[in-house]
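> Before I ask anything, let me first share the structure, which is written out below as structure tokens.
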Amino acid sequence: MQLALFHRVSKLQTVVCSLNTLGISSMTSAVAYYRVSTQRQGRSGLGIEAQRAAVARFAEAEGMIILQEFTEIETGKGADALDRRPQLTAALALARQTKCPVVVAKLDRLSRDVAFIAGLMVQRVPFIVAELGADADPFMLHLYAA
């Protein structure tokens, strides 16, 4: 039996405290990151909700608990993209601290730039693309980013 306590922090951010964080469960933890590029997409909620649903389906199928969700409305373009995306920076920091991966619905929610994806890989915080599955290795991610 899987037990989890949900505490709603805000409309876009949910913290999940589970038996896993107490070391009682064998479920894997992850941090979720959702992004849309424009204010219009953000206001519609459709892009964010579709990403949230995809990550939730993936997490359930893989037996993962989402520790926290980070949502951002910001373009992924430019050499300073990480500097302009504080929610991605926070997601990476939490994943590093909790030693768990960041899960995104699709690779392009991180970036469409191969160099940016490679830069994230160098940070040694694993990320999983739900659309590609948990077994997609860094080589595959580089190919899909190209």
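> Mind ranking 126-132, 89-95 by how tightly packed they are, going by the mean number of other C-beta atoms within 10 angstrom, highest first?
126-132, 89-95
> Using modelled backbone amide H atoms (1.01 Å from N, in-plane), which distant-in-sequence or interchain residues come within less than 5 Å of Val103's amide H?
Correct list: Val31, Ala32, Tyr33, Ile128.
> Just grab the label-to-label distance for Tyr144 and Glu49, each label 7 Å out from Cα along the Cβ direction, in nm (one decimal).
2.5
> Counting only protein chains, not ligands or nucleic acids, how are Ile73, Ile66, Ile117 ordered by accessible area (probe 1.4 Å), most first?
Ranking Ile73, Ile66, Ile117 by accessible area, largest first, yields Ile73, Ile66, Ile117.
The values are calculated or read from the model by the stated rules, or taken from the named source; none is laboratory data. Because the structure is a prediction, the values reported are computed rather than measured. Here the Cβ is made from the backbone with ideal geometry for all residues, glycine too, and neighbour counts use every protein chain on show. The protein model used for the area step is the full one, side chains on, heavy atoms only, and it has no ligands, DNA or RNA in it. Shrake-Rupley method; radii C 1.70, N 1.55, O 1.52, S 1.80 Å.
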